[in-house]
Amino acid sequence: MKIHITENYNSMSEKAASIIIKQIESKPKSVICFATGTTPLETYKLLINAYKNKKVDFSKVVSFNLDEYYPIQKKDKNSYFYYMHKNLFDHINISDENINILNGDCQDPELECLNHAKKIKKHPFDLVILGIGSNGHIGFNEPGSSFEKRIGIVNLTSNTIKDNARFFSSSSQVPKQALSLGIKTIMSGKKILVIASGKKKTNAVKDMVKGKINEKCPASILKKHKNCVLILDKDAASQLT
Ligand code: GLP
């Protein structure tokens, strides 16, 4: 793992955006797996600015996303489909047919995951962008998830439901399940970029970097990846030294 510690959230975001832009420069047809959550929001703003200033071209980029709530409608303001369009895709020149997001409104989640896995097989990930949950989850792979899982429907822990309730009117509104790429698929990415900011992530970051590789901390597996970069702000990294 390569670790960069930045002064604050903004410098973390600048570093992350520059890595994503370099990736697209070096391979315009890059397959990128995007993350949601609060952490990447500024990174996505910087990508939009770079696109507007003609510094990056998304026309050939193929996108996937880590996860989606289940069940949820695409038009729901809390769906990750909605998030990605509002915070990135609607403002850049990615083409619609290159956007792949698990459908949280599908009738048959097993079939949805199977079809999605087939698409991923055809489009191996060049770059996977990851945030980290305060309990060490990546994507929606909660503590205890098998490192061998490729994709599937998952039950969210009460910790994650509580963390994510801030976006909903109450925690009872948060879907109890999600569709998520599994850790095996995340690890298949040629490069992984993890971003984490703030004191709330301190313990998860410590477990990820310093703890044993253990399914109790899903992110700990990232230590095994050959090309994983962590961009942490000072607060998130405060227990590493
Ligand atoms: C959600 C997402 C994760 C994300 C995590 C952290 O649970 N499924 O992919 O990394 O939240 O989110 P935040 O960046 O808001 O702390």
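Bear in mind these aren't lab numbers, they're just calculated from the coordinates by the rules spelled out. Predicted model, so just to flag it, every value in this text is computed and none were measured. Ideal geometry is used to build each Cβ from the backbone, glycine not excepted, and the neighbour counts take in all protein chains shown.
One table, with the values for the structure above:
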quantity	calculated
Solution diffusion estimate, µm²/s, Stokes-Einstein, the chain, Kirkwood Rh from C-alpha pairs, 25 °C, viscosity 0.890 mPa s	138
Dipole magnitude (debye, nearest 20) for the chain, charges at Cβ of Lys, Arg, Asp, Glu	740
Gaussian network model of the chain, springs between alpha carbon atoms under 10 Å - residue of D67, D90, D126 with greatest fluctuation	D90
Cα-based convex hull volume of segment 118-241 per residue, rounded to whole Å³	105
Cα convex hull volume per residue for segment 54-127 (Å³)	95
Nonlocal Lys pairs with alpha-carbon distance under 22 Å, segment 54-161 (8 or more apart, or different chains)	16
GNM top mover of Y70, Y80, Y51 - the chain, alpha-carbon springs below 10 Å	Y51
Nitroxide proxy distance, nm - points 7 Å out along Cα→Cβ at K75 and K149	3.1
Extended-chain gain in nm, criterion 0.36 nm per residue less alpha-carbon gap, L41 and Q107	20.7 nm
Extension reserve of the S95-N53 stretch, reckoned as 0.36 nm per residue once the Cα distance is removed	13.3 nm
Fluctuation leader among V61, V194, V128 - the chain, Gaussian network, Cα springs under 10 angstrom	V61
Spherically averaged projected area in nm², based on the convex hull that wraps the Cα atoms of segment 27-165	8.5
